[in-house]
Amino acid sequence: MHIPHPTTEFDVIVIGGSYAGLSAAMQLARARRRVLVIDAGQRRNRYAQHSHGFLGQDGREAAAIAADGRAQLMKYPTVRWIEGSATQAAQAAQGFLVTLGDGRVFSASRLLLATGVVDELPPIAGLAERWGSSAFHCPYCHGYELMEGAIGVLATGPLSIHHAMMLPDWGRVTFFLNGAFEPDEAQLTALKARGVAIERTLVRAIEGRAAVQLQDGRSLEMAGLFVLTRTHSGSRLAEQLGCEMEQGATGSHVRVDAMKASSVAGVFVCGDAARLFGNVALAVADGAMAGAATHQSLIFGLAAAA
C-alpha cells in the first residue's frame, strides 16, 4: 500500500484530546517538545454535565474542565491541535506515520494513544437517553448527588453484584436482575446483609427521570440507576500497530507496563484505553505518567521506558 509522504514531523503525536491526552501532552509541551494532538471530540463523559471526585474541580462542568485544559495546553508554542479522526497508524523508519480521515499524514518519533473506550449499554428502552444524566457507571462520580435516595442497579452479568454491594453506601438499593444472572446463596446472604432488595421481574423500559418499568406493569421510581457496562476500544489504532491486548471482565484494553509503554516500542497508551476502571482523576494521572515516560524515552531510548 502506498503511504503518502508525511506533511509535518513531530516528536510525539498524541491521539485523543480528552483528560488523559491533555495531561500527557502538557508534560511534553513543558519539556519543549513538538507535539501534535489529534482529537475527534468524543470524550467518554460527554453525556455527563458535571464531574465529581476530581480534586480541585469537584462539581464543575465536565466540558469546562476539558476546555480549560485545552486552553492551557495551547499556550505552549510547540503544540499543534487538529480536530479530526486518526484512521491509520503504522511504524516507519524513523518512528510512526498517522493518517487522518481527510488523507493527511503526519509523522513522529513516538506515538501516545489516549483513545478511550466506548460504553456498551444493555438494550433497555429509554436507558441510552438517560446515560450520564440519571443512569451511570461510576458510584464515586455520581452516587453522592443522589442524596441517599432510591438507587437501581441494572444487572448485566455476575459482576453487577459488585455495584449492588457497593451502592448501599449511597442510598437504598434495588438490584434488578433482569434475567442477566441469578445470585447464589452466599451472594444472596451478602446482599441481604447490605440491605439490598432483589427484583427478578424483567425490565421493560426506563421512563421519567429513572423510573423502572417492569414487565408485570409495576413502575419503581429511582433517584438514579447504575449499570456495569461492557466496553470496547474507542479506536482500532492499537490493534493496527500490533499492541498486545488484555481481556478484562468487562472488555479488552491495551496491555501496558508501569510507565504506560505498550508492547510495541515507541507506543505509549494511557487513560481508559489501558485501564480496567477509569475516571477523570485517574485519566489525568495516567496521562502525566505517560507524557513523562514518553519524553524520557526520547532522551534515554526506549529501553528506559519499558
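Suppose the chain between Ala285 and Ala93 were pulled fully straight at 0.36 nm per residue; how much longer would it get relative to their current alpha carbon spacing?
Details: separation 192, 0.36 × 192 = 69.12 nm, distance 3.13 nm.
The Ala285-Ala93 span can extend by a further 66.0 nm.
Per residue of the chain, what 222 nm ellipticity follows from adding -39500 (n - 2.57) for every DSSP H run with n ≥ 4, rounded to the nearest 500?
-6500 deg cm²/dmol
Sort Glu185, Glu9 by Cβ crowding within 10 Å, fewest neighbours at the top.
Working: Glu185 7, Glu9 14.
Placing the least packed residue first, the sequence is Glu185, Glu9.
Can you give the relative contact order of segment 1-143 as a percent, counting alpha carbon pairs under 8 Å and 6+ residues apart?
31
Can you give me the three principal axis dimensions of the chain from its C-alpha atoms, in Å, biggest first?
63, 35, 35
Can you tell which of Gly179, Val37, Val118 lies farthest toward the positive end of the dipole of the chain, using +1 and -1 charges on the Cβ of basic and acidic side chains (Lys, Arg; Asp, Glu)?
After comparing all options, I get Val37.
For the pair Asp102/Ala211, report the inter-label distance in nm, with labels modelled 7 Å from Cα in the Cβ direction.
4.7
If we count every other residue with Cβ under 12 angstrom of Leu73's Cβ, Lys/Arg +1 and Asp/Glu -1, where does the sum land? Let's see the in-between values first.
On the way: positive: Arg30, Arg70, Lys75, Arg80; negative: Asp39, Asp68.
Local net charge: +2.
What is the local net charge at Ser262, summed over the other residues whose Cβ is closer than 14 Å to its Cβ (Lys, Arg +1; Asp, Glu -1)? Write down the numbers at each step before the final one.
Details: positive: Arg110, Arg255, Lys260, Arg275; negative: Glu239, Glu244, Glu246, Asp257, Asp286.
After counting each charged neighbour, the total is -1.
Assign unit charges at the C-beta atoms only (+1 for Lys and Arg, -1 for Asp and Glu), then state the dipole size of the chain relative to its Cα centre in Debye, rounded to the nearest 20.
Details: 26 positive and 27 negative charges, 160 e Å.
Computed charge dipole of the chain: roughly 780 debye.
Return a whole-number percent for the relative contact order of the chain, with Cα pairs under 8 Å and 6 or more residues apart as the contact set. Walk me through the numbers on the way to the answer.
Values: 675 pairs, mean separation 64.9, N = 306.
After rounding, I find 21 percent.
Going by C-beta contacts inside 10 Å, put Met222, Met259 in order with the fewest on the left.
Working: Met222 26, Met259 16.
Least crowded to most crowded, the residues run Met259, Met222.
Please work through the chain and write down the cysteines that have no neighbouring cysteine Cβ at a distance under 4.7 Å.
Taking the Cβ cut-off of 4.7 Å, the unpaired cysteines of the chain are Cys243, Cys270.
For Thr115, enumerate residues with amide H under 5 Å from its amide H, sequence gap 5+ or separate chain, H modeled in the peptide plane.
Amide H neighbours of Thr115, under 5 Å, 5+ apart: Cys270, Ala273.
Could you calculate the FRET efficiency of Arg30 with Asp169 from 1/(1 + (r/R0)^6), where r is the beta carbon distance between them and R0 is 35 Å, rounded to 0.05? Please list the in-between numbers first.
Working: r = 39 Å, r/R0 = 1.11.
So the FRET efficiency works out to roughly 0.35.
How do 156-169, 102-115, 74-87 rank on mean C-beta neighbours within 10 Å, highest first?
On the way: 156-169: 18.1, 102-115: 22.0, 74-87: 14.9.
My ranking of the peptides, most packed first, is 102-115, 156-169, 74-87.
Computed from the coordinates by the stated procedures, all read-outs in this text should not be read as laboratory data. The model shown is predicted, which means the values in this text are computed figures rather than measured ones. Please note: Cβ atoms are built from the backbone with ideal geometry, for glycine as well, and neighbour counts cover all protein chains shown.
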